[in-house]
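Only the coordinates and a few stated rules stand behind these numbers; no lab work does. In this text, all values refer to a predicted model and were calculated from it rather than measured experimentally. Using ideal geometry, Cβ is built from the backbone for each residue, glycine included, and neighbour counts are taken over all protein chains shown.
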Amino acid sequence: MSLLVQKYGGTSVGTVERIGAVADKVAGFREQGHDMVVVVSAMSGETNRLIALANDIQERPDPREMDVLVSTGEQVTIALLCMALKKRGWDARSYTGGQVRILTDDSHTKARIQEIDEANMRADLDAGRVVVVAGFQGVDAKGNITTLGRGGSDTTGVALAAALKADECQIYTDVDGVYTTDPRVVDRARRLEKITFEEMLEMASLGSKVLQIRAVEFAGKYNVPLRVLSSFKEGPGTLITLDEEENTMEQPVVSGIAFNRDEAKITLAGIPDTPGIASKILAPVGEANVEVDVIVQNVGADNTTDLTFTVNRGDMNKTVELLSAVAKEIGAREVSGDDAIAKVSIVGVGMRSHAGVASTMFKALAEEGINIQMITTSEIKISVIISEKYLELAVRTLHSAFGLDAEVTA
Ligand code: ADP
Ligand code: ASP
Ligand code: MG
């Protein structure tokens, strides 16, 4: 008998029938004697629908009110799942984030969990009840509802598993594990039996939305055994491993390929090449709460330089606007934005011990006529910025070039 925390994502609870199927699954685990804490997302499409309603009223609604609005999606599913469990003869009780008391900071729409009160959940588990918790939400010290950022139910699941010292945190979704790349884009993507925590962290931060990055961070920090599985079909899923020994053995050079369309490129051209210029440009960007990702600076011939960097696509217009004033001040020639770009990254702990990975990557892209606009590397990843129209071709090409393609079965 063990304590399991299971999280079911939007598609897994997308209809009343699907909620019934989740209840059957949870009941099956209870029958085997496991203590169960279940975290659910809003029904698929619901969070987007709520955000669209808000945007029909205002382009940038008040973040506090946004959280009051979008947290309602999860409140629907916790109640429906409890009803479905009770109908099957299992006692269950639902909790919003505030009712558990998942205490967060007060950064609305991207709050961080600070503390979790286990008392209510423990009492229910001891009484034999299934505990059903709304994902994605918490409450700040003043009692305001907060949310944890898109995909945040994953983080709720892992955080509860950490607080309760669960035997495993199981993330149930619409794919049967973590794949070498998004299986919706590459049909020869392969499910990984396991992936190292470090690689999963890179994959998540580079755009693979199968797990929210904060969920992976949490799992690493608190040593939570984490597994991604399908709620639609049986199978072992993918285990995120923390065991260093195991991780260094027989690693392929590249384990996975991530990509992100949500980027835009900003270029300041003809900047006087003097010390302090980069900070004069990037400081106001940071102050405006715009995250900067890849940065490249080229030196021109005539004592001027060009600075290019990427930001989230939604921040492009605001950044160009902001930098137009800065450009005048520092005497730069022009500022431009380009949102038809994408980032493709190869990830693998095996890169540490292999040379020539970058050249294999660049050669494979060149052979397809794909131009690389920017490059950035770290110990276990290489990312390139390319034109968005080549994104799928690039991902497929690299998937083959690094030997990740699944065997085709006739
Ligand atoms: P949920 O609603 O269950 O949280 P998400 O849509 O957030 O599900 O995440 C699951 C999706 O992540 C899959 O449908 C898949 O398209 C996408 N995905 C992206 N990269 C990967 C990957 N490397 N492995 C598996 N799925 C991936
Ligand atoms: N419902 C939220 C979202 O769509 C949280 C989640 O599904 O994890 O982002
Ligand atoms: Mg998700």
**Complete:** Expected vector for the range 63-68, Karplus 3J(HN,Hα) from phi with 6.51, -1.76, 1.60 and θ = phi - 60°, integer Hz, x for Gly and Pro, equals x, 5, 5, 4, 5, 4
**Prompt:** Say R0 is 30 Å: what FRET efficiency, to the nearest 0.05, do Ala406 and Val68 get from their beta-carbon distance?
**Reply:** 0.10
**Message:** Rg/Rh for the range 150-227 to two decimals, with Rh computed the Kirkwood way over all alpha-carbon pairs.
**Reply:** 0.96
**Request:** Quote to one decimal, in nm, the extra length available between Gln58 and Arg261 on full extension: 0.36 nm per residue of separation minus the C-alpha distance between them.
**Result:** 70.6 nm
**Estimated FRET transfer efficiency (Lys86, Gln114; beta-carbon r; R0 35 Å; 0.05)** = 0.60
**Prompt:** What fraction of the Cα pairs in the chain, stated in percent, has a spacing above 37 angstrom?
**Reply:** 30
**Fully extended contour minus Cα-Cα distance, from Asp24 to Glu329, at 0.36 nm per residue** = 103.4 nm
**Fill in**
Row for the range 306-410, column shape: gyration tensor on C-alpha, a ≥ b ≥ c, rounded if a/c < 1.5 i.e. under 1.5, prolate if a/b over b/c, else oblate; value prolate
**Request:** Give a residue-ordered list of calculated ³J(HN,Hα) values for the range 302-310 (Karplus: 6.51 cos²θ - 1.76 cosθ + 1.60, θ = phi - 60°; whole Hz; x for Gly, Pro).
**Result:** 9, 6, 10, 9, 10, 10, 10, 8, 10
**Asked** For the chain, the longest stretch holding no GluC sites (Glu not before Pro) located in a DSSP loop with at most 16 other Cβ atoms within 10 Å is which?
**Response** 292-367
**Request:** Compute the FRET efficiency between Arg122 and Asn371 as 1/(1 + (r/R0)^6), taking r as their Cβ-Cβ distance and R0 = 41 Å, and round to the nearest 0.05.
**Result:** 0.10
**Message:** With the cut-off at 21 Å, tell me which of the pairs Lys7/Lys381; Lys280/Lys328; Lys25/Lys87; Lys7/Lys110; Lys110/Lys194 have Cα atoms farther apart than that.
**Reply:** Lys7/Lys381; Lys110/Lys194
**Asked** What fraction of the DSSP beta bridges in the chain is antiparallel, stated in percent and rounded to the nearest 5?
**Response** 60
**Student exercise, the range 201-242 dipole from Lys, Arg, Asp, Glu Cβ charges, in Debye to nearest 20** = 80
